[in-house]
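Q: Here it is, the structure in full.
The values are calculated or read from the model by the stated rules, or taken from the named source; none is laboratory data. What you see is a predicted model; the values in this text were computed from it and never measured. Positions of Cβ are backbone-derived with ideal geometry, glycine not excepted, and every protein chain shown enters the neighbour counts. Please note that ligands, DNA and RNA were not included when accessible areas were found on the heavy atoms of the full protein model with its side chains. Shrake-Rupley method; radii C 1.70, N 1.55, O 1.52, S 1.80 Å.
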Amino acid sequence: MKISENRRKMLKIVTMYYEQGLTQAVIAKKMGISRPVVSKILQQAKDSGIVSISIKDESAYVVELGLRLEKKFQLRDVLVIPANEQKRPEAIKREVSSAASMYLKEHLTPDMSVGLSWGTTLADMIDEMPYCSFPTIKVCPLVGGVSSEHLYFDTNHLVFRLAEKLNSRCQYFYAPALAESIELAEILNKTDLVKTAMDQAKHVDLAIIGVGNPNESSTWKRLGYIGVEEAHMIEQTAVKGDAVASLFDKYGQTVNNEISKRMLGIKVEDLAEMPEVMVIAIGEEKAESILPLLIGKCCTILVIDQTIAEALL
């Protein structure tokens with residue numbers, strides 16, 4: 001079932017009020033709205049039949065999962081998309097992408113800067129993003145680009161597409177996501193083009209990233225950037241996941257192996273310094289890679305499916 005952002009907010013508020021026993025004042029502070037608005041939403045929930053003595057909605061379970069994750073990891077917001085054995089993976093992926101795009105649209109503000117990593121999840125989110133107008137917003141890449149044959153996943157291409165959807169400005173990262181050698185990566189990192197791109201990336205108001213599990217599934221792996229030799233190196237160095245320009249360990253810290261040193265872009269440690277970081281992921285195997293990011297305080301907003309939420313809890 002597709003859940004609208006307004007309905008998700010209503011369910012979240014009634015769950016906090018009726019099931020968790022929070023006061024309207026506390027809820028208003030957590031949600032960033034006024035107490036009268038909370039009171040109005042609670043009344044609307046009663047009038048529409050969602051609330052009688054208990055919450056009546058099949059999505060209430062995933063909203064509760066989201067609230068538990070918020071509390072456990074001190075997150076700003078968690079969107080959990082229902083998933084079951086009857087629902088096809090493609091449908092779940094589309095719903096997660098749609099939820100992420102709706103959330104992004106609602107939280108865009110003039111003059112803010114948005115940073116993107118790369119990969120299939122972000123590409124799908126931008127596909128779902130409606131056209132709107134935010135001419136003073138700036139969109140920039142957080143990592144270098146990939147080869148032209150994989151343009152659909154490329155960060156510069158994604159930045160252009162999102163800026164087109166938002167009618168906004170964009171910047172580019174004129175360097176590869178993965179240099180051919182450590183020596184080349186070091187040279188590129190000293191250039192003014194890369195320094196400028198890195199400075200912009202580190203100072204975005206909202207970073208939107210995907211996360212991979214190179215031990216299971218990863219865009220790096222699917223596109224052929226991680227071969228047998230690299231896979232062995234990942235296994236030997238206890239890598240738990242990949243995000244932006246890092247392979248990271250169980251604590252959410254960059255593993256400084258040869259592959260990480262060849263990656264160009266911000267590292268996971270930079271995410272911890274950003275105001276807001278949205279992580280979008282689908283598939284239970286991603287839980288193993290998301291957990292270190294939560295431990296490392298590299299994430300404030302999660303958009304995930306039910307299987308990941310249950311695994312994290």
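Q: Please go through segment 281-306 and give me each residue that is over 11 Å from Ala243 (Cβ atoms) and in contact with a Leu (Cβ under 8 Å, 6 or more places away or on another chain), ordered by number. Explain how you work it out, then say what you get.
A: Initially, segment 281-306 is screened for residues over 11 Å from Ala243 (Cβ atoms), giving 282-285, 287-288, 291, 294-295, 297, 300-306.
Residues satisfying the conditions are Ala287, Leu291, Leu294, Thr300, Ile301, Leu302, Val303, Ile304, Gln306.
Q: Among all residue pairs at least 6 apart or on different chains, which show Cβ distances below 6 Å where the first residue, located in segment 124-139, is in a loop (DSSP other than H, G, I, E, B) and the second is exposed (fewer than 11 other Cβ atoms within 10 Å of the Cβ) and not basic (Lys, Arg)?
A: Here the result reads Thr136/Pro110; Thr136/Asp111, each pair linking segment 124-139 to a residue that is exposed (fewer than 11 other Cβ atoms within 10 Å of the Cβ) and not basic (Lys, Arg).
Q: Given Tyr61, Tyr18, which one is open to solvent by 60 Å² or more (accessible area, probe 1.4 Å), part of a helix (DSSP H, G or I) and closer than 25 Å to Ala311 by Cα?
A: Values: Tyr18 fails: closer than 25 Å to Ala311 by Cα.
It is Tyr61.
Q: Then there is this: In segment 229-283, how many are part of a strand (DSSP E or B), β-branched (Val, Ile, Thr) and open to solvent by 10 Å² or more (accessible area, probe 1.4 Å)?
A: 1
Q: Which of the residues spanning segment 162-182 are open to solvent by 40 Å² or more (accessible area, probe 1.4 Å) and in a helix (DSSP H, G or I)?
A: Those that are open to solvent by 40 Å² or more (accessible area, probe 1.4 Å) and in a helix (DSSP H, G or I): Glu164, Ile182.
Q: Has segment 141-150 got any residue that is modelled with pLDDT of 95 or more and farther than 21 Å from Ser260 by Cβ? Break it down stepwise before answering.
A: Taking segment 141-150 and keeping what is modelled with pLDDT of 95 or more, we get 141-143.
Filter once more, so that each one left must be farther than 21 Å from Ser260 by Cβ: none.
No, that holds for no residue.
Q: List the number of the failed condition for Gln171; all other conditions in (1) under 14 Å from Gly265 (Cβ atoms); (2) at pLDDT below 90 hold.
A: It is condition (2) that Gln171 fails.
Q: Within segment 21-48, track down each residue that is under 23 Å from Gln74 (Cα atoms) and either charged (D, E, K, R) or open to solvent by 80 Å² or more (accessible area, probe 1.4 Å) (or both).
A: From segment 21-48, those under 23 Å from Gln74 (Cα atoms) are 21-35, 38; that's our starting set.
Lys29, Lys30, Arg35, listed by residue number.
Q: Determine whether Met10 is more than 27 Å from Leu293 (Cα to Cα), open to solvent by less than 80 Å² (accessible area, probe 1.4 Å) and modelled with pLDDT of 85 or more. Please lay out each step first, then the result.
A: Details: more than 27 Å from Leu293 (Cα to Cα): yes; open to solvent by less than 80 Å² (accessible area, probe 1.4 Å): yes; modelled with pLDDT of 85 or more: yes.
So Met10 passes the test.
Q: Continuing with the same structure: Does any residue in segment 296-313 that is under 21 Å from Pro82 (Cβ atoms) come within less than 9 Å, Cβ to Cβ, of a residue that is surrounded by fewer than 21 Cβ atoms within 10 Å (Cβ to Cβ) and among the basic types (Lys, Arg) six or more places away or on a different chain, and which pairs are these?
A: Hits for this filter: Ile301/Arg76; Asp305/Lys93; Ala309/Arg68; Leu312/Lys72; Leu313/Arg68; Leu313/Lys72.
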